[in-house]
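Worksheet: the structure to be examined is printed underneath.
The values are calculated or read from the model by the stated rules, or taken from the named source; none is laboratory data. All values derive from a computational prediction rather than experimental measurement. As a convention, Cβ positions derive from the backbone with ideal geometry for all residues, glycine included, and neighbour counts pool all protein chains shown. Note: areas computed on protein heavy atoms with side chains; ligands, DNA, RNA excluded. Shrake-Rupley method; radii C 1.70, N 1.55, O 1.52, S 1.80 Å.
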Amino acid sequence: MSEASDSAIRGQALNAMGVLVLSRQEHGEFVEIDPVPAWWKTVFGSAAEFRGRSPFLEDFAEGAAAEFWDSADEGEGTLPSGIWEETTGETVSGRYFFEAIAGRGSGGESFLMVMPADDRWQREQGFTQNAHDQSLGKRRLVKELEKKQILLQCIMHDLGNPLSTVLMNLQHIGRQLDDHDKVLRPAVRRAVVQAERQRELIRSIAQVFAADLVGASHSGDPGAEISVNLMSVAAETIAACAQAAAERGVTLCPFFSGRLFVVGEPLPLSRILENLLINAIRHSSQGGQVTIAFEEEERFAICRIEDGGPGIDESVIDRLFQPFSQGGDMPGQSGLGLYFCRMTIEMWGGSIVGSNRPEGGACFEFRLPLAISANASGKSNGEAETSS
Amino acid sequence: MIKKKICLIGAYAVGKTSLVRRFVSGIFSDNYLTTVGVKIDQRTVSVDDREVRLMIWDLAGRDEFQAVQKSYLRGSSAFLYVIDGTRRETLDAVREEMAEIAAEYPRMTSALLVNKHDLVDDWEITEDLLAPFRQAGFLVLSTSAKTGENVAEAFDEMARRMLGDDAGAQEN
Ligand SMILES: Nc1nc2c(ncn2[C@@H]2O[C@H](COP(=O)(O)OP(=O)(O)OP(=O)(O)O)[C@@H](O)[C@H]2O)c(=O)[nH]1
Ligand SMILES: [Mg+2]
């Protein structure tokens, strides 16, 4: 094959790939080798103009590539520039990506190839973007969890530690009191019981958070169902709230039925009931009544707590169970009580709603799934714990 | 006119491209499009009565897979190291990069930009972490590509310092 047809084939091949070839002359100037692709003129002008138009190509041709061409070690080889971006300012407002390769032939000739790299850019950009988005996303998640961890520490530390001190002092006072002190001893005992409940509650909140932190969407493992007798927990809690009700001249009217085993745990369940009862008592007026009723409906147990107070303010009814949404101007409330109720009940697969009764007053109703196994066998670890 | 090459160096997503866009075009976007390859932007600034054309090289950010391609740094008159104030690890990354680069380019005019100052409540970078850089002669600035805070100031001050050193100004 002749040299002429050889180079014609090479030219066609390069043309098909959209590659421009510049031949580097003795004094460092460049000459275009035919064929010249259309984009070369649009973006770079010509072999004489490209330096002014493309700072990157100029930098490469005068810098790294020049050093490569002029380096002492002879022989064939190539040096890639890496991808760069050009924007052709006035005419087309597009982004173009290019890549250049400095080459040295076997005969010592130097050449510079320039080619569009939009496809390569697209591929690499997609890949890199993905990797970066993923690492940033993961980082954000970790940071969010850290914040929760801090909140958890606050609960444990700022609520838990003072409580331990209170408990220790109460126990100390209890020991100092005369066995026959009929007024103070029962009072101290009640205080100790309440403080201990509080401490348990802090522990269970910590557990809810901790479960959240490890990302375990705790909906309960059906193989190891947790169950509790709603009736016995309710009876205990109502008894514990009797004092508070009496102080406000409010009567508690429970309508108990038989045993009712539901999915749940005794301590948080008791705390939920206490929250709802204390709320109802607080909103009742002197001589008022709070009723507590139970029902079974399909696979759920329902507990309904109703008062005869002013009812729930319509403006807060939608966000009643959101954190820090206080129903009105009740001082000394964290605004977390109903939020805690909802979170815990939902964790057990139940639900809770608040509404106003047509005859006046508020109604809070929660439902919990019946604990099938426990109801069938009539046995539960919750019962032993709650009735002790 | 005097031309000066200035390179932005730093981990991915710290805001290098955003800082250049803010400085050159006065715009900002919350969208993140990671840079692949190199883009050169230009803007002329004046220092006293002299005009300097800054040739600003926005380099792809360093990540787990790739370091900054060192060949791009040749011919520079200044390096702008950028970190993200909300991501402490970007400071560690830039420290490593600096150590490597300083071996080849000692005494280069350099600045450390702690970006995303508009998110200062989420910052993980504290002043005591920055003090060593000030002592080493870096210009250290809190910037925000979002609000524009200290962006022009950073480039202007770099231009001033580059003309001050003026060892390798290329007159064109
Ligand atoms: N709030 C805020 N966001 C910023 C600031 N600067 C950049 N960002 C955002 O941070 C993300 C990354 O910005 P880029 O400018 O693309 O970062 P880069 O350093 O060029 O990233 P690579 O090209 O991947 O190396 C984008 O979502 C920007 O909108 C800032 O000052 N404040
Ligand atoms: Mg970028």
Heavy atoms of A:SER351 accessible to a 1.4 Å probe, total area in Å² rounded to 10 | 50 Å²
Considering Cα pairs under 8 angstrom that are at least six residues apart, work out the relative contact order of the stretch A:3-116 and quote it in whole percent.
-> 25 percent
Give a residue-ordered list of calculated ³J(HN,Hα) values for the stretch A:23-36 (Karplus: 6.51 cos²θ - 1.76 cosθ + 1.60, θ = phi - 60°; whole Hz; x for Gly, Pro).
-> 9, 8, 8, 4, 9, x, 7, 10, 10, 6, 9, 5, x, 9
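Which length gain, in nm to one decimal place, applies between A:ILE202 and A:SER351 when the Cα-Cα distance is subtracted from 0.36 nm times their residue separation? Intermediate values should be presented prior to the final figure.
Values: separation 149, 0.36 × 149 = 53.64 nm, distance 2.22 nm.
Using 0.36 nm per residue and subtracting the Cα-Cα distance, I get 51.4 nm.
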Count, for each residue of A:127-133, the Cβ atoms from other chains sitting within 10 Å of its Cβ, then give me the mean as a whole number.
-> 5
Sorted peptide list for A:288-295, A:102-109, B:6-13, criterion being average Cβ within 10 angstrom, highest first | B:6-13, A:288-295, A:102-109
Ordering of A:299-312, B:87-100 by burial proxy (mean other Cβ atoms within 10 Å per residue, highest first) = A:299-312, B:87-100
Flagged links, alpha-carbon separation over 28 Å, of A:LYS143/B:LYS39; A:LYS41/B:LYS70; A:LYS143/B:LYS146 | A:LYS143/B:LYS39; A:LYS41/B:LYS70
For B:MET55, enumerate residues with amide H under 5 Å from its amide H, sequence gap 5+ or separate chain, H modeled in the peptide plane.
-> B:LYS4, B:LYS5, B:ILE6
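Quick check on packing: order B:124-134, A:264-274 by the mean number of other C-beta atoms within 10 Å, highest mean leading.
A:264-274, B:124-134
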With +1 on each Lys and Arg Cβ and -1 on each Asp and Glu Cβ, how big is the dipole of the protein assembly as shown about its Cα centre, in debye rounded to the nearest 20?
-> 1760 debye
Relative to a virtual label point 7 Å from the Cα of A:GLU49 in the Cα→beta-carbon direction, which members of the stretch B:30-59 show backbone nitrogen distances below 17 Å?
-> none
Exposure ranking of B:ASP48, B:ASP84 by accessible area [1.4 Å probe, largest first] = B:ASP48, B:ASP84
Given charges at beta-carbon only (K, R positive; D, E negative), |dipole| of the stretch A:227-377 in Debye = 240 debye
How large is ³J(HN,Hα) for each residue in the stretch A:261-269, as worked out from phi by the Karplus curve 6.51 cos²θ - 1.76 cosθ + 1.60 (θ = phi - 60°), to whole Hz, x for Gly and Pro?
-> 8, 10, 5, x, 10, x, 5, x, 4
Treat each spin label as a single point 7 Å out from the Cα along the C-beta direction, and report the A:GLU359 to A:ALA242 distance in nm.
-> 2.5 nm
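What does the C-alpha gyration tensor say about the overall shape of the protein assembly as shown? Classify as rounded when a/c is under 1.5, otherwise prolate if a/b is larger than b/c, or oblate. Before the final figure, lay out each step's value.
Details: a/c = 3.59, a/b = 2.71, b/c = 1.32.
It is prolate, given that a/c is not under 1.5 and a/b is the larger ratio.
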Might you tell me the accessible area per residue for the stretch B:22-139, computed with a 1.4 Å probe and given in Å²?
-> 49 Å²
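A:LEU163 to B:ARG50: FRET efficiency via 1/(1 + (r/R0)^6), r the Cβ-Cβ distance, R0 60 Å, to the nearest 0.05? Kindly include the intermediate steps, with their values, before the conclusion.
Details: r = 70 Å, r/R0 = 1.17.
The formula returns an efficiency of 0.30 here.
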Of B:HIS117, B:GLN69, B:PRO132, which is farthest on the positive side of the dipole of chain B, counting Cα position, with +1 on Lys and Arg Cβ, -1 on Asp and Glu Cβ, and the Cα centre as origin?
-> B:GLN69
Would you be so kind as to list the residues of the stretch B:77-115 that have their accessible area lowered by at least 20 Å² in the full protein complex compared with their chain by itself (1.4 Å probe)?
-> B:ARG87, B:GLU89
Select from the stretch A:60-86 all residues whose loss of accessible area on going from the chain by itself to the full protein assembly reaches 50 Å² or more (probe 1.4 Å).
-> A:GLU85
Can you list the residues, at least 5 places off or on another chain, whose amide H is less than 5 Å from the amide H of B:TYR12, using H built in the peptide plane?
-> B:ARG62
Could you state how much accessible area A:LYS147 has, in square angstrom rounded to the nearest 10, with a 1.4 Å probe and all protein chains kept in place?
-> 140 Å²
How much of the accessible area of the protein assembly as shown, in percent, comes from carbon and sulfur atoms when a 1.4 Å probe is used?
-> 52 percent
What is the extension gain from A:PHE256 to A:LEU145, computed as 0.36 nm multiplied by their sequence separation minus the C-alpha to C-alpha distance, in nm to one decimal?
-> 35.7 nm
accessible surface per residue for the stretch A:227-377, probe 1.4 Å, DNA/RNA/ligands not counted, whole Å² -> 47 Å²
Heavy-atom accessible area, 1.4 Å probe, ligands and nucleic acids excluded: residues of the stretch B:31-49 down by at least 40 Å² from chain alone = B:TYR32, B:LEU33, B:THR34, B:VAL36, B:VAL38, B:LYS39, B:ILE40
Going from most exposed to least, what order do A:ASP178, B:ASP156, A:ASP119 have by accessible area with a 1.4 Å probe?
-> A:ASP119, A:ASP178, B:ASP156
Stretch A:PHE127-A:GLN153 to full length: gain in nm at 0.36 nm per residue minus the Cα-Cα span?
-> 5.4 nm
Per its Cα gyration tensor (rounded if a/c is under 1.5, else prolate when a/b beats b/c, else oblate), the stretch B:2-171 is best filed as rounded
Given a 1.4 Å probe and the protein chains all in place, what does the accessible area of A:TYR339 round to, in Å² to the nearest 10?
-> 70 Å²
In nm, to one decimal, how far is the modelled label at A:ARG190 from the one at A:ALA8, with both set 7 Å along Cα→Cβ?
-> 11.1 nm
Work out the FRET efficiency for B:ARG107 and B:ASP128 from their Cβ-Cβ distance, taking R0 = 35 Å, and round it to the nearest 0.05.
-> 0.85
Note on the stretch B:2-171: contact order normalised by length, alpha-carbon pairs under 8 Å, 6 or more apart, percent, works out to 28 percent
Quick one: if the Förster radius is 30 Å, what FRET efficiency do A:VAL36 and B:LYS3 give, using the C-beta to C-beta distance and rounding to 0.05?
-> 0.60
According to a simple spin-label model (label point 7 Å from Cα along Cα-to-Cβ), what is the distance in nm between B:LYS70 and A:ASP318?
-> 6.2 nm
